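Worksheet: one structure, shown below.
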Amino acid sequence: MSHPGRKRVTSRAELEHTAFALFAARGFEQTTVDEIAAAAGIGRRTFFRYFPSKNDVPWGAFEVELDRMRVRLKACPPEVPLMDAIRLALIDFNRVAPEQVPLHRRRMELILRVPTLFAHSTLRFTAWRQVVAEFVGERTGLRPDDLASQAVAHAVLGVAVAGYEHWLDDASADLGALLDDGMRQLGAAFDGSLGSGSR
């Protein structure tokens, strides 16, 4: 039920901003879908047209960005070494416009530091790793579900999560630089040991 005089939400982004304001004021666990819908001036049913659940709100347009990452990896020239290609795609995937940094920081604090949301992230992390594993397979002739492909995918996700943890703990840190440094160290650890990906 909408509130008289309150501007109704007209986009997914606006609903997201409304929800984030409530999360900040009341806490994620304490905020209900009904409260988000009421604050947005929309009905509960309309909320679910934008997001399958409250847990999906912090993820924003994750699937769209994941598709963009897949396209970027496929477009990477074959002469670019495997781990360099993944490093560049990882940095690009996590690039945020300066004006969006405060919102992104709140988003990632929710995803990584609210236990129920971190548990909810499993399926999305799996989908993200699969994109990396598929690329490793394409470059090396391995299958995406081979141990080496999955090991790289898990390791890259570990770099991303570690980079974000450092970024959340240090407001002055540069996220791109953290991810770049982490991936360079990971790439050095593999150092040509993954078949044709070392070229």
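The values are calculated or read from the model by the stated rules, or taken from the named source; none is laboratory data. Computed from a prediction, not measured in an experiment: that's the story for all the values here. Cβ atoms come from the backbone with ideal geometry, glycine included; neighbour counts cover every protein chain shown. What goes into the accessible areas is simple: the full protein's heavy atoms, side chains included, and nothing from ligands, DNA or RNA. Shrake-Rupley method; radii C 1.70, N 1.55, O 1.52, S 1.80 Å.
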- Evaluate the following for F118: is it in contact with a Leu (Cβ under 8 Å, 6 or more places away or on another chain), part of a helix (DSSP H, G or I) and open to solvent by 80 Å² or more (accessible area, probe 1.4 Å)? yes
- Query: Of everything in segment 67-102 that's aliphatic (A, V, I, L, M) and within 13 Å of the chain's Cα centre (by Cα), which residue is farthest from L175 (Cα to Cα)?
  - Reply: M69
- Message: Checking the condition open to solvent by 50 Å² or more (accessible area, probe 1.4 Å), among the basic types (K, R) and touching a helix residue (DSSP H, G or I) at 6+ places or on another chain (Cβ under 9 Å), which residue from R129, R105, R113 passes?
- Response: R113
- Residues in segment 74-87 that are in a helix (DSSP H, G or I) and open to solvent by 30 Å² or more (accessible area, probe 1.4 Å): how many? 3
- Message: Can you find a residue that is of a type outside the set (K, R) and over 21 Å from F125 (Cα atoms) anywhere in segment 59-75?
- Response: yes
- Query: What is the residue count in segment 28-41 for residues that are buried (at least 19 other Cβ atoms within 10 Å of the Cβ), in contact with a Phe, Trp or Tyr (Cβ under 9 Å, 6 or more places away or on another chain) and not in a loop (DSSP other than H, G, I, E, B)?
  - Reply: 3
- Task: Output the number of the condition that L90 fails; it satisfies all remaining conditions of (1) under 30 Å from A188 (Cα atoms); (2) not in a helix (DSSP H, G or I).
- Result: (2)
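For segment 51-65, what are the residues that are aliphatic (A, V, I, L, M) and at pLDDT 95 or above?
To start, the set of residues in segment 51-65 that are aliphatic (A, V, I, L, M) comprises 57, 61, 64.
Within segment 51-65, V57 is the sole residue that qualifies.
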- In segment 42-73, the residues that are in a loop (DSSP other than H, G, I, E, B) and surrounded by fewer than 19 Cβ atoms within 10 Å (Cβ to Cβ): G43, P52, S53, G60, A61
- Message: For segment 169-180, check the following and say yes or no: at least one residue is over 27 Å from A75 (Cα atoms) and part of a helix (DSSP H, G or I).
- Response: yes
- Do you know which of the residues in segment 135-168 that are over 18 Å from the mean Cα position of the chain (by Cα) and open to solvent by 50 Å² or more (accessible area, probe 1.4 Å) is farthest from R70 (Cα to Cα)? L147
- Message: Looking at the structure I just gave you, is A153 touching a helix residue (DSSP H, G or I) at 6+ places or on another chain (Cβ under 7 Å), among the hydrophobic types (A, V, I, L, M, F, W, C) and free of Cβ contacts under 8 Å to residues at least 40 places away in the same chain?
- Response: yes
